[in-house]
Amino acid sequence: MNWSNNYNGVAGIYNFLVRLVFGSKLINSTLRLLHLIPKHATVLVVGGGTGNFVKALATQQPTCTIHYLDISIAMLRQAKKNNHNSDKIKYIQADAFCYNAYEQYDWVVFNFFLDMFPSEELRNFVVQFKNKATPGTNLYITDFKRPISLRQKILVCAMILFFKLSTGLKIKKIEDIRKVLKKEGVQLNEDCTVEDSMFFCSIMKV
Ligand SMILES: C[S@@+](CC[C@H](N)C(=O)[O-])C[C@H]1O[C@@H](n2cnc3c(N)ncnc32)[C@H](O)[C@@H]1O
């Protein structure tokens with residue numbers, strides 16, 4: 001298979017790698033606003049990876065309708081394994097760029113997904129997504145902030161290089177994701193944002 005961001009080869013070691021480099025910080029950063037997703041919400045988790053987020057959501061908000069989407073069959077298998085094949089979660093293998101059913105969700109989650117695309121591709125994705133989603137859809141986004149310190153810059157460069165070699169990642173730097181989204185008319189709820197030195201978790205609205 002020949003697409004960029006092909007995680008099939010790293011799916012089995014992804015959680016181990018993330019923990020090795022970031023400890024529990026990266027995974028925890030995705031969970032910081034979980035309590036704001038209301039009971040009975042219909043949630044799509046895009047690029048759901050090994051399924052850590054859907055697992056936490058299914059535990060914390062069992063009445064939510066949870067759909068997981070990922071292009072990688074190996075990631076999807078890991079997610080099912082991680083969730084003991086829970087029938088609370090519907091698994092969809094699809095390319096987020098081609099997916100046409102965004103309008104059925106009131107929450108769409110993008111954790112460490114939007115950072116994979118160079119600015120023009122990211123912009124195109126956001127424009128397409130906005131056309132397909134229902135106005136008022138909540139976006140739950142966790143991702144890297146642009147690195148500031150030398151240590152962060154080195155870490156991010158090493159990470160980009162690793163994923164370039166292992167998954168075909170195309171980016172050269174981390175974009176200011178929220179700025180790109182805001183330019184395309186997606187609204188940031190300043191009160192629903194938490195940040196630390198490397199990561200942000202924000203809720204935005206289409
Ligand atoms: C960096 S991982 C993030 C995984 C997870 N969200 C997390 O927080 O750890 C990116 C995920 O997006 C998936 N992905 C890449 N391109 C995609 C696409 N076009 N459509 C859907 N999923 C995609 C990859 O297979 C991978 O599982």
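Report the local net charge at Ser4: Lys and Arg +1, Asp and Glu -1, summed over other residues whose C-beta lies under 10 Å from its C-beta. With Lys, Arg at +1 and Asp, Glu at -1, the net is +1. By the rule of a C-alpha distance below 20 Å, with chain neighbours fewer than 8 residues away ignored, the aspartates and glutamates paired with Lys164 are Asp70, Asp95, Asp115, Glu120, Glu121, Asp143, Glu175, Asp176.
Shape summary: segment 11-205 maps onto an equivalent ellipsoid whose semi-axes, from the alpha-carbon gyration tensor, are 23, 20, 17 Å in decreasing order.
Give me D for segment 40-117 in µm² s⁻¹, whole number, from Stokes-Einstein with Rh from the Kirkwood sum over alpha-carbon pairs, 20 °C and 1.002 mPa s. In µm²/s, the coefficient is 173. The trypsin sites (Lys or Arg not before Pro) of segment 149-206 that meet both conditions, a loop assignment by DSSP and at most 15 other Cβ atoms within 10 Å of the site Cβ, are Lys170, Lys172, Lys173.
Want the number for Thr59 to Asn100: 0.36 nm per residue separation, take away the alpha-carbon distance, what's left?
Result for the pair: 12.0 nm of gain on full extension.
Using the Karplus relation 6.51 cos²θ - 1.76 cosθ + 1.60 with θ = phi - 60°, the per-residue 3J(HN,Hα) values for segment 80-94 come to 5, 5, 4, 10, 6, 6, 3, 7, 6, 10, 9, 9, 10, 9, 7 Hz, with x marking Gly and Pro. Across the options Tyr68, Ile27, Thr142, the greatest Cα extent toward the positive end of the charge dipole of the chain (unit charges at beta carbon of Lys, Arg, Asp, Glu) belongs to Ile27.
The residues packed around Gln187, meaning those with a beta-carbon under 11 Å from its beta-carbon, carry a net charge of +1 if Lys and Arg are +1 and Asp and Glu are -1. Classify segment 156-206 as rounded, prolate or oblate from the Cα gyration tensor: take a ≥ b ≥ c as the square roots of its eigenvalues, call it rounded if a/c is under 1.5, otherwise prolate when a/b beats b/c and oblate if not. Note, shape of segment 156-206 comes out prolate.
Checking every one of the chymotrypsin sites (Phe, Trp or Tyr not before Pro) in segment 53-145 against DSSP loop status and a limit of 16 other Cβ atoms within 10 Å picks out Phe97, Tyr99.
FYI, it's all coordinate maths here, none of it is from the lab. Everything numeric here is computed off the predicted structure, so don't read it as measured data. No Cβ is skipped: glycine too gets one built from the backbone with ideal geometry, and neighbour counts run over all protein chains shown.
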